[in-house]
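To start, the structure under review is shown below, and the notes come after it.
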Amino acid sequence: MHMADALLAPAVAATMYVASGTAAGFSIHKLKKDDEPQKLPVMAVTAALVFAGQMINYTIPGTGSSGHMCGGMLLSALLGPQAGFLSMIVILAIQCLFFADGGLMALGANIWNMAFYGCFVGYYLIWRPIMRSHWFGEGKGAQRARIIAASVIGCIVTLQLGAFSVVLETSLSGITELPFGAFVALMQPIHLAIGLIEGLITAAVLVFVFESRPELLRELDTDGQALPAKRSLKAVIAILAVVALLVGGGLSLLASSNPDGLEWALFGNAEEGYSENMGLDEENFGVSSTAADTAGAIQEKTSFLPDYAFADNDTPVGTTVSGIVGSAMVAGVALLICLAGGFFRKKKKA
């Protein structure tokens with residue numbers, strides 16, 4: 001769902017930067033009072049895992065399309081909505097600047113579409129109410145069922161909201177090639193399927209955490225009793241780190257070559273015998289502007305692994321390197337943010 005700069009008018013892009021920047025400022029303000037040392041390694045490793053997971057495009061059968069996880073629900077369930085949102089900003093900014101995934105002018109819109117809904121709407125309106133409810137009864141089996149239900153429902157709903165926001169943003173940008181009704185009819189169903197698969201992936205990770213270190217999950221109703229941990233915190237972090245490296249450095253080589261939901265809606269997949277959908281020209285579509293040209297020039301200079309590959313050739317090694325380097329960068333930046341926040345909190349107390 002990473003939008004290109006050509007899909008946005010500068011005024012719309014600027015508005016989305018303001019909206020996402022406001023949400024980021026709110027998150028930073030709320031986290032000033034947060035003092036959870038165990039969040040540092042968890043934030044780093046889960047952010048790396050989401051970065052790696054976004055490299056895996058899974059095929060949506062019978063459509064000629066593919067999808068990848070966003071990760072907002074996963075991060076907010078483990079870190080809380082504010083830390084989860086800031087982690088998503090790190091992921092999307094690194095993808096944009098160093099891997100040319102999503103436009104730089106469109107970064108504010110991509111943060112809103114892919115991070116805000118999953119982290120805030122998904123957490124406050126879906127994850128927390130379901131986890132605090134008595135769905136499925138009591139006991140560990142019921143808790144596990146609530147985790148799965150909240151993950152699947154949350155991912156489906158938030159991806160629908162994100163997909164609809166893409167349609168609104170392009171419509172407000174005045175791109176006449178994209179009739180509103182037809183674009184909605186293409187975007188919503190395909191992202192319903194993508195959201196369902198992401199929900200199952202999210203549920204699998206969160207159930208693993210629940211079985212290993214249940215105290216890491218937010219809003220888990222334990223009836224005042226501490227649930228036993230099967231693995232140490234170090235072991236859980238190590239397992240998630242290894243999974244991130246394997247996914248980013250290995251499984252990413254098996255990612256579907258089909259266009260993702262947004263690209264599929266815009267350009268179709270006629271080469272593989274599927275519909276052309278909106279039938280736009282991939283080399284010439286949308287709106288052009290000086291701001292977009294400037295953003296594109298900056299991005300061309302900063303992206304040392306464009307499209308998760310070496311610039312000079314298409315060898316699979318480039319994808320492996322991209323997955324490992326990108327995951328390490330995301331983990332490092334997330335860790336630095338946590339350390340900086342802790343430093344300023346201690347300085348303020350002193």
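The values are calculated or read from the model by the stated rules, or taken from the named source; none is laboratory data. Computed from a predicted structure; not experimentally measured. Please note: Cβ atoms are built from the backbone with ideal geometry, for glycine as well, and neighbour counts cover all protein chains shown.
In this structure, does Glu169 turn out to be under 20 Å from Cys119 (Cβ atoms) and either in contact with a helix residue (DSSP H, G or I) (Cβ under 9 Å, 6 or more places away or on another chain) or not acidic (Asp, Glu) (or both)?
Working: under 20 Å from Cys119 (Cβ atoms): yes; either in contact with a helix residue (DSSP H, G or I) (Cβ under 9 Å, 6 or more places away or on another chain) or not acidic (Asp, Glu) (or both): yes.
Spelling it out, Glu169 is indeed under 20 Å from Cys119 (Cβ atoms) and either in contact with a helix residue (DSSP H, G or I) (Cβ under 9 Å, 6 or more places away or on another chain) or not acidic (Asp, Glu) (or both).
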Query raised in the report: On the given criteria, is Ile190 within 15 Å of Gly71 (Cβ to Cβ) and touching a strand residue (DSSP E or B) at 6+ places or on another chain (Cβ under 9 Å)?
Result: no
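Kindly indicate which of Ala203, Ala182 is assigned to a helix (DSSP H, G or I) and surrounded by fewer than 19 Cβ atoms within 10 Å (Cβ to Cβ).
Values: Ala203 fails: surrounded by fewer than 19 Cβ atoms within 10 Å (Cβ to Cβ).
After ruling out the rest, the residue left standing is Ala182.
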**Report entry** Search result, residues across the range 131-141 that are assigned to a helix (DSSP H, G or I) and either touching a residue at least 24 places away in the same chain (Cβ under 8 Å) or surrounded by 21 or more Cβ atoms within 10 Å (Cβ to Cβ) (or both)
**Finding:** Met131, Arg132, Lys140
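Between Ala145, Ala163, Ala182, which is of a type in the set (A, V, I, L, M), more than 18 Å from Cys70 (Cα to Cα) and at pLDDT 95 or above?
The conditions single out Ala145.
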Query raised in the report: Exactly one of (1) at pLDDT 90 or above; (2) under 28 Å from Thr63 (Cα atoms); (3) of a type in the set (A, V, I, L, M) is unmet by Val287. Its number?
Result: (1)
Requested in this report: Please name all residue pairs, on different chains or six or more residues apart, with Cβ atoms under 6 Å, provided the first residue is in the range 155-181 and is closer than 13 Å to Ala265 by Cβ and the second residue is β-branched (Val, Ile, Thr) and assigned to a helix (DSSP H, G or I).
Outcome: Val167/Val184; Leu178/Thr170
Report task. Identify all residues within the range 142-169 that are surrounded by fewer than 19 Cβ atoms within 10 Å (Cβ to Cβ) and either touching a strand residue (DSSP E or B) at 6+ places or on another chain (Cβ under 8 Å) or more than 21 Å from Ile201 (Cβ to Cβ) (or both); write none if there are none. Result -> Ala142, Phe164, Leu168
Report summary line: When every residue in the range 311-341 that is modelled with pLDDT under 90 and under 14 Å from Ala83 (Cα atoms) is compared, the one surrounded by the most Cβ atoms within 10 Å (Cβ to Cβ) is Ala334
**Report entry** First in the range 86-110 and under 21 Å from Ala11 (Cα atoms), second anywhere and of a type in the set (Phe, Trp, Tyr) and not in a helix (DSSP H, G or I), Cβ under 6 Å, 6 or more apart
**Finding:** none
**Report entry** Candidate set from the range 206-256 (those that are of a type in the set (S, T, N, Q) and in a helix (DSSP H, G or I)); member that is surrounded by the most Cβ atoms within 10 Å (Cβ to Cβ)
**Finding:** Ser252
Requested in this report: Name every residue in the range 257-290 that is among the aliphatic types (A, V, I, L, M), part of a helix (DSSP H, G or I) and more than 25 Å from the chain's Cα centre (by Cα), in order of residue number.
Outcome: Ala270
Query raised in the report: Restricting to the range 185-197, what's the tally of residues that are more than 30 Å from Arg213 (Cβ to Cβ) and either assigned to a loop (DSSP other than H, G, I, E, B) or in contact (Cβ under 8 Å) with a residue 12 or more places away in the chain (or both)?
Result: 7
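What residue, among those in the range 35-90 that are among the polar types (S, T, N, Q) and either in a helix (DSSP H, G or I) or under 14 Å from the mean Cα position of the chain (by Cα) (or both), is nearest to Leu336 (Cα to Cα)? Don't jump to the end; show me each part of the working.
Taking the range 35-90 first, the residues among the polar types (S, T, N, Q) are 38, 46, 54, 57, 59, 63, 65-66, 76, 82, 87.
Those still in the list that are either in a helix (DSSP H, G or I) or under 14 Å from the mean Cα position of the chain (by Cα) (or both) too: 46, 54, 57, 76, 82, 87.
Values: Thr46: 14, Gln54: 22, Asn57: 29, Ser76: 19, Gln82: 16, Ser87: 11 Å.
Among residues in the range 35-90 that are among the polar types (S, T, N, Q) and either in a helix (DSSP H, G or I) or under 14 Å from the mean Cα position of the chain (by Cα) (or both), the one nearest to Leu336 (Cα to Cα) is Ser87.
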Query raised in the report: So Ser303 fits all but one of (1) closer than 19 Å to Ala13 by Cβ; (2) among the polar types (S, T, N, Q); (3) surrounded by fewer than 18 Cβ atoms within 10 Å (Cβ to Cβ); what number is the exception?
Result: (3)
